[in-house]
């Protein structure tokens with residue numbers, strides 16, 4: 001496994017983003033970049049810490065689902081950030097981070113990227129990546145978070161065949177989309193730049209700042225879905241998100257707000273969480 005060049009990442013950062021960097025740690029392998037930063041002290045207000053790994057042995061998605069990857073096959077990056085003032089709707093942060101990820105991927109040359117509520121990145125109707133936002137510590141006036149993102153760079157056939165998902169197509173990677181290998185350092189720098197900006201913007205304006213772009217990239221909108229929840233299932237047509245970031249599902253004259261659940265897209269396969 002080739003090493004990750006932290007100096008090259010720092011050199012590629014936007015100056016404003018670099019000025020807010022408290023520390024960057026790189027690892028050839030780690031259990032989880034999110035778990036690592038969750039155990040570390042939170043950065044000062046307005047600053048961020050970054051952890052990047054070439055491979056995660058215990059990567060996690062939403063609901064503690066495993067994030068499958070092989071060494072060198074994925075970007076595994078987490079950012080810890082402390083808000084100057086606790087945002088009103090911290091639970092919707094992942095949606096704003098999704099918009100930032102789309103913008104970073106556009107910088108890399110990938111234009112047709114969509115977002116699946118609440119935390120998946122989609123290309124060619126397959127899962128390209130995912131996000132996980134966790135609260136590091138919080139008070140009534142302040143909060144620090146750890147945001148993790150995983151992007152498929154080059155998936156082996158073994159990984160492709162081992163994933164049983166409800167996506168329309170198999171998982172996808174950047175090499176297949178672009179027809180070339182993607183260097184981890186400039187991709188990492190683009191992600192840090194856009195996510196760091198998104199964290200500041202979310203702290204100032206909340207989800208409203210991202211709602212329009214998120215709606216333009218909404219992969220579920222207009223699809224017939226079933227949401228499986230502990231209390232029962234909700235079936236209908238995905239109809240975007242509301243101002244708090246909840247998924248809206250319409251059936252006849254009824255609109256249901258979905259906060260969490262496993263989603264089955266009609267005619268596609270097993271639930272996608």
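The values are calculated or read from the model by the stated rules, or taken from the named source; none is laboratory data. The structure displayed is predicted, hence computed values, not measured ones. Quick reminder, even Gly has a Cβ in these numbers, built from the backbone with ideal geometry, and neighbours come from all protein chains shown.
Go through the stretch 212-254 and tell me which strands (runs of 3 or more DSSP E), entirely inside it, have 1 or more residues that are at pLDDT 95 or above and touching a helix residue (DSSP H, G or I) at 6+ places or on another chain (Cβ under 7 Å).
Working: elements: 224-229, 232-241, 247-251.
Result: 232-241.
Sort through 130, 148 and tell me the only one that's modelled with pLDDT of 95 or more, closer than 24 Å to residue 26 by Cα and part of a strand (DSSP E or B).
Just a single option satisfies the conditions, and that option is 148.
Among the residues here, residue 101 qualifies as within 22 Å of residue 245 (Cβ to Cβ) and out of contact with any helix residue (DSSP H, G or I) (no Cβ under 6 Å at 6 or more places or on another chain).
Evaluate the stretch 190-202: report whether one residue or more is touching a residue at least 40 places away in the same chain (Cβ under 8 Å) and not assigned by TED's automatic domain parsing to the domain that holds residue 17. No, that holds for no residue. Restricting attention to the stretch 158-185, the residues being closer than 12 Å to residue 73 by Cβ, outside any helix (DSSP H, G or I) and at pLDDT 90 or above number 3. Total residues in the stretch 89-102 satisfying the condition of being closer than 13 Å to residue 217 by Cα and more than 12 Å from the chain's Cα centre (by Cα): the figure is 0. Of the strands (runs of 3 or more DSSP E) lying entirely inside the stretch 1-113, the ones with 2 or more residues being modelled with pLDDT of 90 or more, in the same structural domain as residue 176 (by TED's automatic domain parsing) and under 27 Å from residue 214 (Cα atoms) are found at 48-53, 74-83.
Within the stretch 166-182, track down each residue that is free of Cβ contacts under 8 Å to residues at least 12 places away in the same chain and touching a helix residue (DSSP H, G or I) at 6+ places or on another chain (Cβ under 9 Å). Across the stretch 166-182, the qualifying residue is only 180.
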